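Here the structure comes first, spelled out in structure tokens, and everything after it is commentary.
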Amino acid sequence: MSYLEHMKKIIYFAGLLSVIGITAFTANCSQAEEAVPDNSLTFNASLVSDYRFRGISQTRLKPALQGGADYSNNPTGLYVGTWLSTLKWVKDSGGDGNIEWDVYAGKKGNFTQDLSYDFGVLTYIYPSNDLHPDANTTELYGQLGYGPAYIKYSQSLTDLFGAVNSKNSGYLDIGANIDVSNGYTVNLHGGHQTVKNNSALSYNDWKIGLTKDFGFLSGSVAVIGTDTNNYVGPAPDRKNLGKTALVVSATKTF
């Protein structure tokens, strides 16, 4: 073998190793970019035209400011979070305070690629509410999801938002959040609130909505309603807080 042929083979072999090395490095970088961090902390802030909870307006059909923070440990699926909103119903019920403060913790994950779970405990706190029974409420919840669809059940460990003798009330939530491409998601929901020992306060609610992710924030529009007339605002208007209405919101997550 001539010296020239020997050098050609060395150059070819070196070039081949370079290509293999670059390919491997690129693959490793892609995997690193796609890797989910072990711990994540996110914050959110929203402006809504009406704060609806289980179909019922918490703000007398008026706007609310909302925000929260969420921490999750991704390897275990454990999470904790907190969330706050302005509201009006506590004062309208004869109490004091205009803030709802939620604190929650749980665990979520997947049984299979399509079948997910989420269960935990959530406490709704209404500082200085002064209602009797106390409006503060704690619930256990469990959720199963399959693809975009889910079913969730929540049960109160306390009286439900100040309703007398309503411990062990339950809420069934069935819905789906369907990605229809280009940042659009269709939001469908149907729910049933059972108030223990007070059937007059039990009702059904529903929602049909559309969410758009704009990148810098997300916006949503939804039609929300219930089948009850038993939740009303203060005199003299006595507005039906469960009436069907259009609700819009803007949310920033960072």
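A short reminder: the numbers here are calculations on the coordinates, not readings from a lab. No experiment lies behind these values; they were computed from the predicted model shown. Neighbour counts run over all protein chains shown; Cβ positions are idealised from the backbone, glycine included.
Remarks
- Calculated mean residue ellipticity, 222 nm, the chain: -5000 deg cm²/dmol, from DSSP H runs (n ≥ 4) at -39500 (n - 2.57) each, averaged per residue and rounded to 500.
- Pairs spanning more than 21 Å between alpha-carbon atoms, out of K152/K196; K212/K252; K88/K152; K108/K152; K107/K212: K88/K152; K107/K212.
- Charge dipole (Cα centre; +1 on Lys/Arg Cβ, -1 on Asp/Glu Cβ; no other charges) of region 105-191 amounts to roughly 160 debye.
- Equivalent-ellipsoid semi-axes for region 44-109 (Cα gyration tensor, √(5λ), whole Å, largest first): 28, 12, 10.
- Under the Karplus curve 6.51 cos²θ - 1.76 cosθ + 1.60, θ = phi - 60°, whole-Hz ³J(HN,Hα) for region 83-90, x wherever Gly or Pro sits: 8, 9, 8, 6, 7, 10, 5, 5
- Calculated from backbone phi, Karplus (6.51, -1.76, 1.60) coupling profile of region 167-177 in Hz, x at Gly/Pro: 4, 6, 5, x, 9, 9, 10, 10, x, 7, 10
- Segment T76-N230, length gained on full extension (0.36 nm per residue, minus Cα span): 51.2 nm
- Simple Cβ-charge dipole of region 201-254, Lys/Arg +1 and Asp/Glu -1, about Cα centre, in debye nearest 20: 120 debye
- C-alpha long axis of helix 3-34 to longest principal axis of the chain, angle in °: 10 degrees
- Taking θ as phi - 60° and the Karplus parameters 6.51, -1.76 and 1.60, the scalar couplings of region 203-209 work out to 6, 10, 9, 8, 8, 10, x Hz in sequence order, x denoting glycine and proline.
- Region 108-161 - percent relative contact order, Cα under 8 Å, separation 6 or more: 33 percent
- Working from Cα pairs under 8 Å separated by at least six residues, relative contact order for region 101-254 is 12 percent.
- Annotation: aspartates and glutamates with alpha-carbon distance below 17 angstrom to K167 (same-chain offsets under eight excluded): D134, E139, D159.
- Entry for percent of Cα pairs over 30 Å apart (calculated from the structure that is shown) out of (i) 24; (ii) 38; (iii) 54: (ii)
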